[in-house]
Amino acid sequence: MSYIGRFAPSPSGPLHLGSAVTAIASYADARAQGGSWLVRMEDLDTPRVVHGAAELIQQQLQLLGMHWDREILFQSGRLSVYQQVFDTLLSLNLVYPCSCTRREISDSVLRLQGQPGDNERPYPGTCRQGLQKGRQALSWRLRVPEGVVSFKDRWLGDQKQNVAQAVGDFVLRRADGVWAYQLAVVVDDAASAVTHIVRGEDLLSSTARQQQLAQMLGYTSPVVMHVPLVLDAAGLKLSKQNAAAPLDLSHPLEVLQQSWQTLGFDRLPVSNVENFWQLAPRVWGQRHSRANLHGIK
Ligand code: GLU
């Protein structure tokens, strides 16, 4: 098996330190394994896409010395592919329309559980047997089968989730007509034959959902590694939403070194970006060795 990794930013703004750390980890892992590294722009969420951000991200990656091996894939150019996969699921009766609003879902979950859950509440299955009388379809959901999804994360170890209980039937097509991240990511990783995903820990909770969907579509799920998030002074994840500062690329080596330290390594004894990338994959490979490549501890 030859290694294919990827970095999949959402072009809702330039990279910040948090997204740089993810990019650097996935690049170091791919290069440590002599693999390919792809970039995919996750630009489906049109209300959040910022004009020019995709170009900026490409410039930032180049300044940081990270070079992709295939033409960049833009999800906005793949709508017909998502539609095809969706139609397949529809023909198998694995998706159904849902008329519930966010409000109705949280109200009925409160009634079922008698207490507020955390911010992600399982969908209670209201529309599973059909739309409520006189109501219009808003979103489309996957009929999630019962069962536990387990996988090994190369950073965090053994993981498992009962998707049906923890999340419920999740949305594949949003009420605003946008294809959901969960669908697009699974379809695109499979289409690009991605073997290894390295991404931020905030996406750990999506992994079981993605593996469940991949399995229903007959795809092999990539091996995953979720790396630590960069937190701000208040302990919150850096994100474009909380206006994380863009990277200071007047000193790209410093950005690399800082990100490297966030990933638990010492600063590398190098004086430029090129030398950083000569050394970093070797150092990375010593810690995240081949033995661990399949998530075997
Ligand atoms: N586009 C997602 C983000 O920016 C990452 C998707 C992924 O790596 O699966 O958070």
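The values are calculated or read from the model by the stated rules, or taken from the named source; none is laboratory data. As the structure is a prediction and not an experimental result, all values here were calculated from the model. Here the Cβ is made from the backbone with ideal geometry for all residues, glycine too, and neighbour counts use every protein chain on show. Surface areas here come from the heavy atoms of the whole protein model, side chains and all, with no ligands, DNA or RNA. Shrake-Rupley method; radii C 1.70, N 1.55, O 1.52, S 1.80 Å.
What does the convex hull of the alpha-carbon atoms of region 137-291 project to on average, in nm²?
For region 137-291, averaging the hull's shadow over all directions gives 12.1 nm².
With a 1.4 Å probe and every protein chain kept in, tell me what percent of the accessible surface of the chain is carbon plus sulfur. Please report the intermediate quantities before stating the final value.
Working: 7340 of 14360 Å².
Answer for the chain: carbon and sulfur cover 51 percent of the accessible area.
What residues have an amide H closer than 5 Å to that of Arg141, excluding those fewer than 5 places away on the same chain, when H is modeled at 1.01 Å from N in the peptide plane?
So Arg141 has HN proximity to Tyr96, Cys98, Leu172.
Per residue of the chain, what 222 nm ellipticity follows from adding -39500 (n - 2.57) for every DSSP H run with n ≥ 4, rounded to the nearest 500? Show your work: numbers first, answer last.
Values: 9 runs with 106 residues, N = 297.
Helices in the chain give a 222 nm mean residue ellipticity of -11000 deg cm²/dmol.
Specify, per residue and in Å³, the volume enclosed by the convex hull of the alpha carbon atoms belonging to region 19-169.
Values: hull volume 27.9 nm³, N = 151.
That works out to 185 Å³ per residue.
Could you list which residues have their amide H under 5 Å from that of Phe7, counting only those 5 or more apart in sequence or on another chain, with H placed in the peptide plane?
Counting only residues 5 or more places away or on other chains, the set is Leu38, Val39, Arg40.
Go through the cysteines of the chain and tell me which have no other cysteine Cβ under 4.7 Å away.
Within the chain, the cysteines lacking a partner Cβ under 4.7 Å are Cys100.
Can you give the translational diffusion coefficient of region 140-215 in µm²/s, computed by Stokes-Einstein from the Kirkwood radius over Cα pairs at 37 °C and 0.692 mPa s? Mind dumping the intermediate values first?
Values: Rh = 13.1 Å.
For the chosen part, D equals 250 µm²/s.
According to the Cα gyration tensor, what semi-axes, each the square root of 5 times an eigenvalue, does the equivalent ellipsoid of the chain have, listed from largest to smallest in whole Å? Before the final figure, lay out each step's value.
Details: eigenvalues 249, 81, 73 Å².
Gyration-tensor ellipsoid for the chain: 35, 20, 19 Å.
How are the Cα pair distances of region 1-98 distributed, in percent, across 5 Å bins from 0?
Pairs per bin, as whole percents: 2, 12, 19, 19, 15, 12, 10, 7, 2, 0.
I need two numbers for region 1-40: Rg to one decimal and Dmax as a whole number, Cα atoms only, in Å.
Computed over the Cα atoms of region 1-40, radius of gyration and Dmax are 10.8, 35 Å.
Can you figure out the FRET efficiency of Glu254 with Ser205, using R₀ = 25 Å and their beta-carbon distance, to the nearest 0.05? Please report the intermediate quantities before stating the final value.
Details: r = 32 Å, r/R0 = 1.28.
Approximately 0.20, to the nearest 0.05.
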